[in-house]
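**Student:** Once you've had a glance at the structure underneath, I'll fire off some questions.
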Amino acid sequence: MDTARSARTHIIWTSIALIFILIASCLAYVFVSKVPKCQITNIVNVAEFTASMFRHEVSHEHWLLKAQNYSAADHRLIWEDEWLGYRNESESILDQTNMWMVIREKGVYLVYIQANFILNPRKNNGSTVELKILVDFSYGGQKEIFSAAHDTQVVSVNSSPDAKLNTFLLMKMQSTSQLSVRVFPSHLVNYQPRPFSTFITIIKLADNW
């Protein structure tokens, strides 16, 4: 059953990669213009990327990682590779801590992050919860931290016990560039797959920019 589910998931995520490519050009303009910090973290020029995407042959680098826990020390999510059974262990994009993703090839990548939170209206009725996704990005000896998504939820007995926060990034990265994700409040993140409650996808779209 697990093998069938993984295979089905592989097909689904490979298919929707094309959808992400189509919407990336439109949404990235809005994202980059409203979040200047992201320009420092090598967000790609969308116009140049769109043209180059059709000029260059792209490798098949694509990853689907699901969160299985978090580090209590710094709130970084701990990941596992959903497609590990289809790859050699030595090809994993994760480092030895399973918290940092190490890019293997230079190129333009579409990164999508989704975090699901489990709120408890009975315990936190009337309280306000700040939800946040932070991305740590390391490249060329430099380190940057930027806010990828943010939301405020008012918890009440009439509200949904689940909340979702998601974002996508269109990024140009070098080989050995690294990124990790911190989600707050990390103790409220849902780590139980349904089939994927908290996950990140990394899809290479072009070799050059």
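The values are calculated or read from the model by the stated rules, or taken from the named source; none is laboratory data. Here the structure is a predicted model, which means the values were calculated and not measured. For neighbour counting, all protein chains shown are included, and Cβ atoms are generated from backbone atoms with ideal geometry for every residue, glycine included.
**Student:** Just one of the numbered conditions (1) under 14 Å from the mean Cα position of the chain (by Cα); (2) surrounded by 20 or more Cβ atoms within 10 Å (Cβ to Cβ) is not true of GLY107; which one?
**Tutor:** Of the numbered conditions (1) under 14 Å from the mean Cα position of the chain (by Cα); (2) surrounded by 20 or more Cβ atoms within 10 Å (Cβ to Cβ), the odd one out for GLY107 is (1).
**Student:** Continuing with this model, one more query. Of the residues SER180, SER138, SER186, which single one is at pLDDT 90 or above and under 11 Å from the mean Cα position of the chain (by Cα)?
**Tutor:** Values: SER138 fails: under 11 Å from the mean Cα position of the chain (by Cα); SER186 fails: under 11 Å from the mean Cα position of the chain (by Cα).
The unique qualifying residue is SER180.
**Student:** Go through the stretch 155-169 and count every residue that is in contact with a strand residue (DSSP E or B) (Cβ under 7 Å, 6 or more places away or on another chain) and either more than 20 Å from LEU94 (Cα to Cα) or modelled with pLDDT of 95 or more (or both). Steps first, please.
**Tutor:** Going residue by residue through the stretch 155-169, those that are in contact with a strand residue (DSSP E or B) (Cβ under 7 Å, 6 or more places away or on another chain) are 155, 161-169.
Checking the rest, the ones that are also either more than 20 Å from LEU94 (Cα to Cα) or modelled with pLDDT of 95 or more (or both) come to 155, 161-167.
Summing the residues that are in contact with a strand residue (DSSP E or B) (Cβ under 7 Å, 6 or more places away or on another chain) and either more than 20 Å from LEU94 (Cα to Cα) or modelled with pLDDT of 95 or more (or both) in the stretch 155-169 gives 8.
**Student:** Can you name the residue in the stretch 145-174 that is of a type in the set (Gly, Ala, Ser) and part of a strand (DSSP E or B) and is also surrounded by the fewest Cβ atoms within 10 Å (Cβ to Cβ) among such residues? Steps first, answer last, please.
**Tutor:** Initially, the stretch 145-174 is screened for residues of a type in the set (Gly, Ala, Ser), giving 147-149, 156, 159-160, 163.
Restricting the remaining residues to those that are part of a strand (DSSP E or B) gives 147-149, 163.
Values: SER147: 13, ALA148: 24, ALA149: 18, ALA163: 18.
Taking the candidates together, the pick is SER147.
**Student:** Could you identify the single residue in GLN96, GLN114 that is farther than 20 Å from LEU205 by Cα and surrounded by fewer than 20 Cβ atoms within 10 Å (Cβ to Cβ)? Talk me through it step by step, then tell me what you get.
**Tutor:** On the way: GLN114 fails: farther than 20 Å from LEU205 by Cα.
Selected residue: GLN96, the only one of GLN96, GLN114 that is farther than 20 Å from LEU205 by Cα and surrounded by fewer than 20 Cβ atoms within 10 Å (Cβ to Cβ).
**Student:** A further question follows. Filter the stretch 126-144 for residues that are exposed (fewer than 13 other Cβ atoms within 10 Å of the Cβ) and either under 23 Å from LYS172 (Cα atoms) or of a type in the set (S, T, N, Q) (or both) and give the result. Write out each step before concluding.
**Tutor:** Going residue by residue through the stretch 126-144, those that are exposed (fewer than 13 other Cβ atoms within 10 Å of the Cβ) are 126, 128, 130, 140-143.
Passing the criteria: THR128, GLY140, GLY141, GLN142, LYS143.
**Student:** Check VAL111, VAL129 and return the single one that is hydrophobic (A, V, I, L, M, F, W, C), part of a strand (DSSP E or B) and over 18 Å from PHE199 (Cβ atoms).
**Tutor:** Of VAL111, VAL129, the one residue that is hydrophobic (A, V, I, L, M, F, W, C), part of a strand (DSSP E or B) and over 18 Å from PHE199 (Cβ atoms) is VAL129.
**Student:** Mind checking whether some residue in the stretch 171-193 is under 22 Å from TRP63 (Cα atoms) and without any contact (Cβ under 8 Å) to a residue 12 or more places away in the chain?
**Tutor:** The first filter runs over the stretch 171-193 and keeps only residues under 22 Å from TRP63 (Cα atoms), leaving 171-183, 189-193.
Still in the list and also without any contact (Cβ under 8 Å) to a residue 12 or more places away in the chain: 192.
Yes.
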